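Engineer: One structure, pasted below without further comment.
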Amino acid sequence: MQQKQKIKVYRTTEGTIFEVLFVLLLIITWVMIVRFLSSAPDIVPSHFDATGQPNRYGSKYAILFPCVITSVVGFCLMLGAYFPNSINMPIRVSTPRQYTWVIRMTRILGIMMLPLTFVIAWTSLASQRYGGPSAIPILSVVGIMLAVVIGFSIVTYKMR
């Protein structure tokens, strides 16, 4: 059995740009969530069926739980970029160039967790004022995240 090579990740300009962008988006996202909370009714849609129609309602503060979870996952992905050996990829990653792409993908996914956080909050707390809730924003962000993973996996695989 071949021993997996340990890769050490150092701070780079690219990494710093991703981290600053993450912090700025995190602040903007949570400022918007607080604004949504202040103007939302006490009972809001908290779950949606496959057609995007609300099928469960709850306290407006209950939506904070998934928003906190997705923000924490984003933070963990940003931190996890410094530990590429612990990232499970569907393909074998062995060259430094492949690791560079895996690290970049991890950071992009970390940043993408913030738009996901935003659309989760917006769908439950603010969308009532704009024609009602819809699953389209959430599905769009998840679709983009899936495309990022597939795209980066293909590029990383072809770099062998």
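Engineer: Non-local amide H neighbours of Y57 (under 5 Å, H modeled in plane, Pro and chain starts lacking H): which ones?
Structural biologist: S46
Engineer: How long are the semi-axes of the equivalent ellipsoid of the chain, taking √(5λ) for every eigenvalue λ of the Cα gyration tensor, in whole Å from largest down?
Structural biologist: Working: eigenvalues 249, 57, 29 Å².
Equivalent-ellipsoid dimensions as semi-axes: 35, 17, 12 Å.
Engineer: Run the numbers on the chain and let me know its relative contact order in percent, using alpha-carbon pairs under 8 Å that are six or more apart. Don't skip to the answer; put the middle values down first.
Structural biologist: Numbers: 180 pairs, mean separation 47.8, N = 160.
Relative contact order of the chain: 30 percent.
Engineer: When each pair of different Cα atoms in region 36-129 is counted once in the 1/r mean, what is the Kirkwood radius in angstroms, to one decimal?
Structural biologist: It is 15.2 Å.
Engineer: What ranking do 49-55, 73-79, 104-110 get when scored by the average of other Cβ atoms within 10 Å per residue, highest first? Present the calculation step by step, with values, prior to reporting the outcome.
Structural biologist: Numbers: 49-55: 11.4, 73-79: 17.6, 104-110: 20.7.
Per-residue mean Cβ counts within 10 Å order the peptides as 104-110, 73-79, 49-55.
Engineer: Can you work out the Karplus-derived ³J(HN,Hα) for every residue in region 151-156? Use 6.51 cos²θ - 1.76 cosθ + 1.60 with θ = phi - 60°, whole Hz, and x for glycine or proline.
Structural biologist: x, 5, 5, 5, 4, 5
Engineer: Related question: How tilted is helix 96-121 with respect to the longest principal axis of the chain? Cα atoms for both, answer in degrees (0 to 90, nearest 10).
Structural biologist: 0
Engineer: Which value, in debye to the nearest 20, describes the size of the charge dipole of region 1-64 about its Cα centre when Lys and Arg Cβ atoms bear +1, Asp and Glu Cβ atoms bear -1, and nothing else is charged? Can you show the working numbers first?
Structural biologist: Details: 7 positive and 4 negative charges, 74 e Å.
So the magnitude is around 360 debye.
Engineer: In whole Hz, with x marking every Gly and Pro, tabulate ³J(HN,Hα) for region 76-82 from phi via Karplus 6.51 cos²θ - 1.76 cosθ + 1.60, θ = phi - 60°.
Structural biologist: 5, 5, 4, 5, x, 4, 7
Engineer: Give the angle, between 0 and 90 degrees and rounded to the nearest 10, that separates the Cα long axis of helix 13-39 from the longest principal axis of the Cα atoms of the chain.
Structural biologist: 10
Engineer: I would also like to ask the following. Where nothing but the Cβ of Lys and Arg (+1) and of Asp and Glu (-1) is charged, how large is the charge dipole of the chain around its Cα centre, in debye to the nearest 20?
Structural biologist: Result for the chain is approximately 700 debye, rounded to the nearest 20.
Engineer: Seen from all sides and averaged, what is the projected area of the convex hull of the Cα atoms in region 1-57, in nm²? The partial results should precede the final answer.
Structural biologist: Details: hull surface 35.5 nm².
In nm², the orientation-averaged hull projection of region 1-57 is 8.9.
Engineer: Moving to a separate point now. At q = 0.19, 0.22, 0.23 Å⁻¹, what base-10 log of I(q)/I(0) does the Debye formula yield for region 92-160 when every alpha carbon is treated as an equal point scatterer in vacuo?
Structural biologist: Normalising to I(0) and taking log10 leaves -0.73, -0.86, -0.91.
Bear in mind these aren't lab numbers, they're just calculated from the coordinates by the rules spelled out. Quick caveat: nothing in here was measured; it's all calculated off a predicted structure. In this analysis, Cβ positions are derived from the backbone assuming ideal geometry, glycine residues included, and neighbour counts consider all displayed protein chains.
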